[in-house]
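To start, the structure under review is shown below, and the notes come after it.
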Amino acid sequence: MDIFGIPIQALMGQLLIGLINGSFYAILSLGLAIIFGLLNIINFAHGALYMTGAFCAWIGLTWLGLNYWVALIAVPVVVGALGMLIERTMLKHLYQLDHLYGLLLTFGLALIIEGLFRYRFGISGESYPVPELLSGGFNLGFMFLPKYRAWVVAVSLVVCFGSWFIIERTKLGSYLRAGTENPQLLQAFGINVPLMITLTYGFGVALAALAGVLAAPVFQVNPVMGSNLIIVVFAVVVIGGMGSIMGSIVTGLGLGLIEGLTRVFYPEASAVVIFVIMGIVLLLRPAGLFGRER
Amino acid sequence: MKRKILGSAIAATVAMAPALSPAATTVSDGIVKLGVLTDMSGTYSDLSGPGALEATKMAVEDFVAKEKPDFKIEVISADHQNKADISANKAREWFDTQKVDAIVDLVTTSTALAVMKVANEKNRVSLVSGAGSTPITNEQCNDTTVHWAYDTYALPVGTAKAVVKQGGKNWYFITADYAFGHSLEKNTSDVVTKSGGKVLGSVRHPFPGSDFSSFLLSAQASGAQVIGLANAGADTINSIKQAKEFGITPKQSLAGLLMFISDVHSLGLEATAGMYLTTGFYWDRNDETRAWSKRYFEKMKRMPTMVQAGDYSATYHYLKAIKAAGTDEAKAVMAKMREMPVNDFFAKNGKVRVDGRMVHDMYLAQVKKPSESKYPWDYYHIREVIPGDEAYIPLAESKCPLVKK
């Protein structure tokens with residue numbers, strides 16, 4: 001059976017790959033959305049922190065002998081702590097100012113972090129092996145699905161919807177959301193708002209680092225892996241609606257699928273299709289698909 | 001005080017002495033200045049970049065030590081960020097205000113084409129090693145450019161022929177969607193068809209990319225025995241890594257059409273073992289290449305790519321030509337460069353043709369299995385030496401206007 005001249009089996013394969021890429025978009029854009037929602041900071045360093053996560057996994061494996069499973073837990077904690085340090089020492093001075101200052105600061109940070117890794121590791125990067133337990137794959141009939149990719153989708157779905165649940169459905173989440181609306185009032189109820197903000201930034205950064213660890217066995221670990229991805233992820237966040245948690249998850253997965261389809265029908269356009277959609281969405285719904293007009 | 005003045009006078013006379021000897025070189029502005037213009041921090045900085053600068057400096061040091069020239073030599077460098085406009089502006093600035101005589105390296109075709117045009121206008125020399133496309137010595141050739149290490153015509157001659165001969169008859173291409181990728185795909189297709197193989201199709205990916213699984217899946221569906229990677233750098237690295245992940249290799253085999261030793265180093269032998277590639281230089285080929293490469297390694301902590309070794313060889317030959325010509329005037333130096341054979345660790349009896357192509361032997365290499373690699377950077381078996389005349393476009397087929405037919 002063919003659809004537009006493409007065998008349905010090939011199409012299924014490409015859609016599945018789209019979903020895998022969408023998982024990366026979702027987990028990264030989720031972090032950005034959380035940070036923007038609560039801190040009002042457009043975190044341009046997100047890509048660099050994702051790259052830092054991947055490199056930390058590599059460093060852990062090669063220099064310290066820590067395996068993938070340890071890295072999966074330890075790296076987000078370490079990089080998240082680095083994020084909190086950045087928030088405490090730099091970002092906190094910018095909350096009263098325009099968005100633009102946060103954007104410029106984090107953009108500068110991204111360049112510095114990338115530069116440091118480039119200086120130390122060179123541009124070709126390093127190779128991270130797929131963990132033993134997840135090597136090999138399943139034969140689905142229409143395609144060969146590497147076990148590791150299936151794992152990536154599973155982890156990302158659990159993490160994304162788990163985060164959504166915490167923020168939208170728990171008491172802790174309600175504090176966070178209240179903090180966005182009216183920090184002074186929340187403070188008056190005896191909640192330590194600055195600490196909450198620091199932890200939130202740390203959590204957003206930890207998500208980026210987790211995506212980095214997940215990506216390490218799939219992509220070559222190199223200093224520019226983050227900047228290649230970050231622009232797409234920003235487009236995802238804008239399409240989903242800045243700061244919308246569910247929006248970023250759904251859009252991330254959806255755009256992965258659309259990108260996958262484009263690669264079947266017109267591969268040359270696969271790099272721009274997301275931006276075309278972004279343009280259309282901004283024209284028709286300036287606040288994004290899931291965003292609320294303020 | 002008096003003694004001091006006398007001392008300096010003597011020193012001055014001694015310094016002047018070579019200039020007064022009959023065979024003195026007349027060098028414009030009293031100095032030969034080389035500008036290394038390359039990608040210092042981007043995609044191509046591992047295969048050229050800081051290593052290209054170091055190799056050029058080594059060439060100058062060795063030349064001064066061995067040939068004792070009667071002129072001063074200086075090396076400067078800049079990062080062109082792989083952008084044609086930045087390169088052209090930098091070159092213009094160097095020629096007009098810095099008195100640069102020759103520009104070295106020029107990785108990325110677009111920058112090379114832009115700079116060689118400016119250099120030709122100003123009557124200065126371009127020593128291209130980094131860029132690979134064939135227009136440099138064909139449609140856009142000029143009489144002050146030399147193309148040294150490799151080109152996209154020479155690469156598939158070794159790799160594609162060898163792979164077809166091994167039984168890899170049906171090909172499918174994964175091609176970077178820009179001039180370099182297209183030209184590499186076309187040149188390779190020609191070689192494949194000529195050697196009795198067949199091209200089943202190709203897919204073009206945006207440049208640069210990071211996820212190649214969709215394209216690999218298309219290649220898998222084509223049923224081709226060989227997947228030709230008409231891309232470079234990080235794109236090639238990720239394609240190879242992901243082909244393994246999706247179980248495409250070893251059922252179908254991959255042919256990297258432009259691979260540098262820096263790519264193999266960063267991927268590791270596990271992922272690359274058995275692949276064929278064509279190169280203009282391999283550090284561990286003989287005593288001479290080893291000796292030079294080990295000196296290079298001392299400074300850079302990496303083994304040189306063919307681009308970096310090519311920069312050394314081109315620079316040394318250029319300086320030798322200045323000495324032989326007795327001037328640094330571009331046309332006269334170019335005439336000497338064409339006249340003198342290139343004999344160093346990089347090339348044996350290499351010759352610079354009228355179209356600017358430096359013709360030298362190329363090597364068909366196969367990447368070793370991890371178990372065969374005995375020491376660091378022990379990566380290749382050299383399977384075949386491809387004589388220069390077979391590797392490069394014959395002058396009869398050249399589209400360069402300088403070639404008289």
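Per-structure values
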item	result
Candidates A:Tyr128, A:Tyr148, filtered to the one that is more than 9 Å from chain B (Cβ to nearest Cβ) and either surrounded by 14 or more Cβ atoms within 10 Å (Cβ to Cβ) or closer than 23 Å to A:Thr251 by Cα (or both)	A:Tyr128
Single match in A:Ala45, A:Ala110, A:Ala54 (criterion: within 17 Å of A:Pro217 (Cα to Cα) and of a type outside the set (Lys, Arg))	A:Ala54
Filtered residue count, the range B:246-292, keeping only those that are at pLDDT below 95 and of a type in the set (Lys, Arg)	1
Any hit, the range B:151-160, residues being of a type in the set (Gly, Ala, Ser) and either touching a Leu at 6+ places or on another chain (Cβ under 6 Å) or within 11 Å of chain A (Cβ to nearest Cβ) (or both)	yes
Condition broken by B:Leu217, with the remaining ones in (1) part of a helix (DSSP H, G or I); (2) more than 13 Å from every other protein chain (Cβ to nearest Cβ) satisfied	(2)
Sole exception among (1) free of Cβ contacts under 8 Å to residues at least 40 places away in the same chain; (2) more than 25 Å from B:Asn123 (Cβ to Cβ); (3) of a type outside the set (Gly, Ala, Ser); (4) assigned to a helix (DSSP H, G or I) for B:Lys348, by number	(4)
Total residues in the range B:181-231, condition of a type outside the set (A, V, I, L, M), in contact with a Pro (Cβ under 7 Å, 6 or more places away or on another chain) and farther than 28 Å from A:Pro146 by Cα	2
All positions within the range A:254-272 that are touching a residue at least 12 places away in the same chain (Cβ under 8 Å) and either surrounded by 23 or more Cβ atoms within 10 Å (Cβ to Cβ) or within 12 Å of chain B (Cβ to nearest Cβ) (or both)	A:Leu255, A:Gly256, A:Leu257, A:Glu259, A:Gly260, A:Leu261, A:Arg263, A:Val264, A:Phe265
Residues being aliphatic (A, V, I, L, M), more than 20 Å from A:Arg292 (Cβ to Cβ) and away from chain B (no Cβ under 14 Å) - total across the range A:18-67	9
Lone unmet requirement of (1) farther than 23 Å from B:Phe297 by Cβ; (2) part of a helix (DSSP H, G or I); (3) touching a residue at least 60 places away in the same chain (Cβ under 8 Å) for B:Lys99	(2)
Enumeration of residues in the range B:105-123 that are in contact with a helix residue (DSSP H, G or I) (Cβ under 8 Å, 6 or more places away or on another chain), farther than 25 Å from B:Phe207 by Cβ and surrounded by fewer than 24 Cβ atoms within 10 Å (Cβ to Cβ)	B:Val118, B:Lys122, B:Asn123
Number of positions in the range B:189-208 that are more than 7 Å from every other protein chain (Cβ to nearest Cβ) and either among the aromatic types (Phe, Trp, Tyr) or touching a strand residue (DSSP E or B) at 6+ places or on another chain (Cβ under 8 Å) (or both)	10
Members of the range B:33-60 that are aliphatic (A, V, I, L, M) and either within 23 Å of B:Leu113 (Cβ to Cβ) or outside the structural domain of B:Gln308 (by TED's automatic domain parsing) (or both)	B:Leu34, B:Val36, B:Leu37, B:Met40, B:Leu47, B:Ala52, B:Leu53, B:Ala55
So B:Asp85, is it touching a residue at least 40 places away in the same chain (Cβ under 8 Å), in the same structural domain as B:Ala309 (by TED's automatic domain parsing) and either over 18 Å from B:Thr111 (Cβ atoms) or surrounded by fewer than 16 Cβ atoms within 10 Å (Cβ to Cβ) (or both)	no
Residue list for the range B:125-157, filter: under 13 Å from the mean Cα position of the chain (by Cα), among the aliphatic types (A, V, I, L, M) and in a strand (DSSP E or B)	B:Leu127, B:Val128, B:Val146
Some residue of the range B:167-182 being in a helix (DSSP H, G or I), touching a Gly at 6+ places or on another chain (Cβ under 9 Å) and surrounded by 20 or more Cβ atoms within 10 Å (Cβ to Cβ)	yes
Among residues of the range B:186-231, those that are polar (S, T, N, Q) and either farther than 30 Å from A:Ile231 by Cα or not assigned by TED's automatic domain parsing to the domain that holds B:Lys251 (or both), counted	7
Leading residue by the ranking (nearest to B:Gly310 (Cα to Cα)) among those in the range B:351-367 that are touching a Gly at 6+ places or on another chain (Cβ under 9 Å) and outside any strand (DSSP E or B)	B:His360
Filter result (away from chain B (no Cβ under 14 Å) and part of a loop (DSSP other than H, G, I, E, B)) within the range A:104-125	none
Among residues of the range B:220-263, those that are within 13 Å of chain A (Cβ to nearest Cβ), buried (at least 23 other Cβ atoms within 10 Å of the Cβ) and of a type in the set (A, V, I, L, M), counted	7
Residue within the range A:271-286 that is small (Gly, Ala, Ser), modelled with pLDDT under 90, touching a Leu at 6+ places or on another chain (Cβ under 9 Å) and part of a loop (DSSP other than H, G, I, E, B) present	no
The range A:203-229 - residue that is surrounded by fewer than 23 Cβ atoms within 10 Å (Cβ to Cβ) and in a helix (DSSP H, G or I) and, of those, farthest from the other protein chains (Cβ to nearest Cβ)	A:Phe203
Search result, residues across the range A:44-68 that are without any contact (Cβ under 8 Å) to a residue 60 or more places away in the chain and in contact with a Gly (Cβ under 6 Å, 6 or more places away or on another chain)	A:Leu66
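The values are calculated or read from the model by the stated rules, or taken from the named source; none is laboratory data. Because the structure is predicted, anything quoted here is derived from the model rather than measured. Ideal geometry is used to build each Cβ from the backbone, glycine not excepted, and the neighbour counts take in all protein chains shown.
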